[in-house]
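These notes concern the structure reproduced below.
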DNA sequence: CTGAAAGCGCTTACAG
DNA sequence: CTGAAAGCGCTTACAG
């Protein structure tokens, strides 16, 4: 069933069918309705390959990512799919490594060969300016997700990591903690910087300061969380609470604390970030900060689709608010409870 | 840069370029080498959309899944990508729900519209015979991953879940456990049936039987693990070990045990299945059974590609062996240690 | 508001 | 072993 078959059935030219498919405005409503009815009846689906060939651009959206958090990527894929479902677009996944020597040229080949309609860029690739310049150079539309505004409003989904971290810090302060540690992700991640800054601001709003001795830079990994926690927990006075930049590191903190014989939350409160699948399943269930990843993926997809030739371009930046999920890994410090 | 440009540069017809691209055997080696050199030099990449249109089939592989385990899906995607990298194929993801009323017709539309080259089917969709019949009917190549052989050898990647579960059961028996519980996944999953059977066989090889009272059917979810564990742990005598059909449920068992004041592994040994990201991060680190998901994805992709018109078809079924990962959630039972 | 012609970048089927 | 013609299913650019 091709455009020619439908044209024959509708007794119009195939150009008219094409106009219906592409929602052309210059078309009699009656003609449109009649054609639409026939399309529906015979179950005609325009061939995206043929359209793409004629258009000079495919109906494929690329998700380019280097995020090791599986749940994050799956949720993001789902969010993008929520939006493109029924639109004729499909999602092509492209994990990558910024470490790889051909990082840029591989992605460029991928985008050019497939004539991708555009790409969605979650962190950390979303922060890679060389990558962005390449997309600009080849004219590939994109939308970026990051913890700070890095681009034109219509291309940005900004996550308010700073606020989420501030809320976490205030939660600890309000529980009565005064000696609070923070383990951030790598300083090369905007999210790590923003969360760090959020901790500082959140504590400041309660008249507290983040003592630099109680700050450590981690690698967003379980092992780095263990290592950093061992350092911080050896300090005198020992921190009564630690905010880790993500759940992986928070799990590491819990592990390190346990191996020192500390009880959580009695001896140490712990907060993570991400609300990953394990967060509610470890013991004690982890207090953490949640970002609506799936929704972020959906918004990013919408902003990308809005860059299509006929569409109305997005003008406004979207700010996504995280929320604190209080579970049982945080409590008042021992001293203030005595 | 199109096939015409390359033809002009090489001073041959575009048909010859096409023959080079498609590895046609009837081509002088010298011509091939000369064309290849020019292709390399100018960085020509054949347009998959144009090729697909002419071929009547795209260069897209679909991953259709309804697996809620994010790490599983990501690893599988990675495995498929490992194989198709550089082949000109790309991976399109298509999560779905077997509950959805349009489940079959949605997938059919997807496959037909995109003219997918073929699809990779992990469990549970891989076990859906109505889905398979549909693929047969429309002539869509596929490869299936399942815990039992369900199809022609060339289309099957069989995971030896039964053996993995048997190994887990033997591990418990060899530690000295005699009262062992098993919580399986839903009986509508082949993996659940196979793992269950594996437990029975593993115990039998040590002269033990799985008392039906100590068996419960769960839903492969954390909550179902908690519920089932509460039932099993109320039994008299209390089981000294529980093998859960996946890590999610094993985490639920640990939770339930903890809330009853039981220490793991002192009072209860727990084994899971999957070696999910949380397995090594919970306390105690979970003994579990690992399947090489990424490798399975790669094999499935290879079997799919082997169904291409020119390729040599796969004749043999692939059997994938799981491995037991012993961590700290299993130990000898208290009595035998006294 | 609608249509006939040419073209997107490839491949198949047929020649030679 | 290589090539000229026709076609895959659409769209663009031009008519009317």
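For this structure, a couple of remarks:
- Any hit, the stretch B:60-81, residues being within 16 Å of DNA strand C (Cβ to nearest atom) and without any contact (Cβ under 8 Å) to a residue 60 or more places away in the chain: yes
- So residue B:97, is it assigned by TED's automatic domain parsing to the domain that holds residue B:116, away from DNA strand C (no atom under 12 Å from the Cβ), under 22 Å from residue B:116 (Cβ atoms) and modelled with pLDDT under 95: no
- Here residue B:1 passes the criteria (1) within 13 Å of chain A (Cβ to nearest Cβ); (2) modelled with pLDDT of 90 or more except the one numbered (2).
- Cβ-Cβ under 7 Å pairs, at least 6 apart or on other chains, the stretch A:11-28 side more than 14 Å from residue A:45 (Cβ to Cβ), far side within 7 Å of DNA strand C (Cβ to nearest atom) and part of a loop (DSSP other than H, G, I, E, B): A:19/A:27
- Leading residue by the ranking (farthest from DNA strand C (Cβ to nearest atom)) among those in the stretch B:1-15 that are within 42 Å of the chain's Cα centre (by Cα) and in a loop (DSSP other than H, G, I, E, B): B:1
- Looking only at residues of the stretch B:51-69 that are more than 16 Å from DNA strand D (Cβ to nearest atom) and buried (at least 21 other Cβ atoms within 10 Å of the Cβ), we find that the one that is nearest to residue B:111 (Cα to Cα) is B:62.
- Among residues of the stretch B:66-84, those that are within 14 Å of residue B:121 (Cα to Cα) and more than 10 Å from every other protein chain (Cβ to nearest Cβ), counted: 3
Every residue, every condition in (1) assigned to a helix (DSSP H, G or I); (2) within 25 Å of residue A:334 (Cα to Cα), yes or no:
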{"position": "A:181", "(1), (2)": "no, yes"}
{"position": "A:187", "(1), (2)": "no, no"}
{"position": "A:191", "(1), (2)": "yes, no"}
{"position": "A:196", "(1), (2)": "yes, no"}
{"position": "A:226", "(1), (2)": "yes, yes"}
{"position": "A:231", "(1), (2)": "yes, yes"}
{"position": "A:238", "(1), (2)": "no, yes"}
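- Some residue of the stretch A:296-311 being free of Cβ contacts under 8 Å to residues at least 40 places away in the same chain and exposed (fewer than 14 other Cβ atoms within 10 Å of the Cβ): yes
- For the stretch A:23-50, a residue qualifies if it is surrounded by 10 or more Cβ atoms within 10 Å (Cβ to Cβ), assigned to a helix (DSSP H, G or I) and either away from DNA strand C (no atom under 11 Å from the Cβ) or facing another protein chain (nearest Cβ under 9 Å) (or both), and the qualifying residues are A:36, A:37, A:38, A:39, A:41, A:42, A:48, A:49, A:50.
- Residues within the stretch B:85-117 that are more than 9 Å from chain A (Cβ to nearest Cβ), buried (at least 20 other Cβ atoms within 10 Å of the Cβ) and not in a loop (DSSP other than H, G, I, E, B), tallied: 2
- Residue match in the stretch B:22-45 (condition: at pLDDT 90 or above, near DNA strand D (Cβ under 9 Å from one of its atoms) and under 24 Å from residue A:116 (Cβ atoms)): no
- Some residue of the stretch B:286-296 being over 27 Å from residue B:152 (Cα atoms) and within 13 Å of chain A (Cβ to nearest Cβ): yes
- Within the stretch A:112-150, the residues that satisfy the criterion of being touching a strand residue (DSSP E or B) at 6+ places or on another chain (Cβ under 7 Å) and more than 25 Å from residue A:55 (Cβ to Cβ) are A:122, A:123, A:125, A:126, A:127, A:145, A:146, A:147, A:148, A:149, A:150.
- Identity of the residue in the stretch A:51-62, at the interface with chain B (Cβ under 7 Å from one of its Cβ atoms) and in a helix (DSSP H, G or I), that ends up nearest to residue A:88 (Cα to Cα): A:52
- Of the residues making up the stretch A:291-325, those that are under 19 Å from residue A:87 (Cα atoms) and in a loop (DSSP other than H, G, I, E, B) are A:306, A:307, A:308, A:309, A:310, A:311, A:312, A:313, A:314.
- When the test is whether a residue is free of Cβ contacts under 8 Å to residues at least 24 places away in the same chain, within 23 Å of residue A:328 (Cα to Cα) and over 24 Å from the mean Cα position of the chain (by Cα), residue A:263 passes it.
- Matching entry among B:103, B:55, B:117 (being within 16 Å of DNA strand C (Cβ to nearest atom), over 12 Å from the mean Cα position of the chain (by Cα) and modelled with pLDDT of 95 or more): B:117
The values are calculated or read from the model by the stated rules, or taken from the named source; none is laboratory data. It should be emphasised that the depicted structure is a prediction, and the values quoted were computed from it without experimental measurement. Quick reminder, even Gly has a Cβ in these numbers, built from the backbone with ideal geometry, and neighbours come from all protein chains shown.
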